[in-house]
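Undergrad: Structure provided below as structure tokens; questions to follow.
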Amino acid sequence: MKKLILAAFSIFLATSLHAQKQVPEATELYVDLEKITPGEGTNAPSDAIVLFDGSDLEKWQSAQRGVGAGSMLDLKTIIPSLSAEGKGSPAPWKVDDNELVVEPGTGFIETRQGFADVQLHIEWLAPAAEGKSGQLYSNSGVFFMGMYEVQILNSYENPTYNNGQASSVYKQHIPLVNASKPVGEWQEYDIVFMAPKFSDKGTLVSPAKVTVFHNGVLVQNNVELLGPTCYIGTPYYVAHESKLPLALQDHGDPMRFRNIWIREL
Ligand code: MG
């Protein structure tokens with residue numbers, strides 16, 4: 001008898017819930033959404049922070065890090081030296097023809113502002129060079145929080161290890177396809193980066209995640225990072241500040257950049 005009553009009640013509950021769902025308004029939500037103005041083409045939307053529009057490097061500073069520092073050999077030593085406040089000295093790269101150009105040998109540059117979860121748009125050009133190949137043919141990189149690299153490289157008919165080619169998460173994730181254009185042509189990255197989260201005790205709560213579109217093509221689909229980029233060895237997480245500057249790599253090549261904007265998520 002008890003079972004029968006319970007069954008009847010279940011049917012009554014399911015029927016009444018079902019009846020509720022028949023009203024379309026019951027599943028229609030209204031919130032106070034922020035209004036923004038999208039940019040024309042690939043230009044910045046109204047709520048983006050424009051990091052480089054062709055005029056100057058005001059939003060950037062020297063990261064005081066050379067190519068070697070990009071190897072992150074000793075994460076526990078290097079990561080605490082990264083700071084949301086930065087070092088304050090001017091970015092040593094140049095602006096030429098409204099484009100940002102790496103001044104080889106001067107080291108990484110980084111934003112004066114720190115960021116956590118972001119959407120980034122950046123356009124880059126790998127110049128043609130005689131006698132260069134592999135990792136030494138037009139290499140740079142976008143380093144989220146100064147330590148998580150999405151590789152920039154000439155990967156058009158320039159073989160290298162696939163987890164180190166253009167749009168790879170360097171030495172961690174191979175892109176889904178090679179969407180590279182030839183040297184001398186402008187290319188685009190649209191990247192969503194979700195910062196890793198740490199507990200108060202410094203343990204990892206959730207890893208960094210990255211989605212990358214290369215020239216409009218999905219090449220990294222919400223992949224999880226194993227830790228900061230390591231040239232040698234296996235990456236691992238070290239707790240760090242919740243917001244850190246975005247850095248661009250000097251790898252010794254005169255790479256060119258334009259139209260860089262970022263949205264905080
Ligand atoms: Mg690189």
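Undergrad: Kindly establish whether Pro182 is in a loop (DSSP other than H, G, I, E, B), within 16 Å of the ligand (Cβ to nearest atom) and not polar (S, T, N, Q).
TA: no
This table checks each residue for (1) in contact with a Ser or Thr (Cβ under 9 Å, 6 or more places away or on another chain); (2) surrounded by 15 or more Cβ atoms within 10 Å (Cβ to Cβ); (3) among the hydrophobic types (A, V, I, L, M, F, W, C); (4) without any contact (Cβ under 8 Å) to a residue 40 or more places away in the chain.
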site	(1), (2), (3), (4)
Tyr156	yes, yes, no, yes
Pro159	yes, no, no, yes
Pro175	yes, yes, no, no
Lys181	no, yes, no, yes
Ala208	no, yes, yes, no
Asn221	yes, no, no, no
Gly227	yes, yes, no, no
Leu265	no, no, yes, no
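Undergrad: Condition first: touching an Asp or Glu at 6+ places or on another chain (Cβ under 8 Å) and on the phi > 0 side of the Ramachandran plot. Now tell me which residues in the stretch 190-245 satisfy that.
TA: Residues satisfying the conditions are Asn215, Gly216.
Undergrad: I've got another one for you. So Met147 passes all but one of these: (1) away from the ligand (no atom under 15 Å from the Cβ); (2) touching a helix residue (DSSP H, G or I) at 6+ places or on another chain (Cβ under 9 Å). Which condition number does it fail?
TA: Among (1) away from the ligand (no atom under 15 Å from the Cβ); (2) touching a helix residue (DSSP H, G or I) at 6+ places or on another chain (Cβ under 9 Å), Met147 violates only (1).
Undergrad: I would also like to ask the following. Look through Tyr231, Tyr189, Tyr170, Tyr161 and report the one residue that is of a type outside the set (S, T, N, Q), within 14 Å of the ligand (Cβ to nearest atom) and modelled with pLDDT under 95.
TA: Residue meeting the stated conditions: Tyr231.
Undergrad: I need the full set of residues from the stretch 234-265 which are within 16 Å of the ligand (Cβ to nearest atom) and either within 26 Å of Ala91 (Cα to Cα) or assigned to a strand (DSSP E or B) (or both), in order please.
TA: Leu246, Ala247, Leu248, Gln249, Asp250, His251, Gly252, Asp253, Pro254, Met255, Arg256, Phe257
The values are calculated or read from the model by the stated rules, or taken from the named source; none is laboratory data. From a predicted model like this one, the values you see are computed outputs, not experimental measurements. Heads up, the Cβs are rebuilt from the backbone with ideal geometry, glycines too, and the neighbour counts pull from every protein chain shown.
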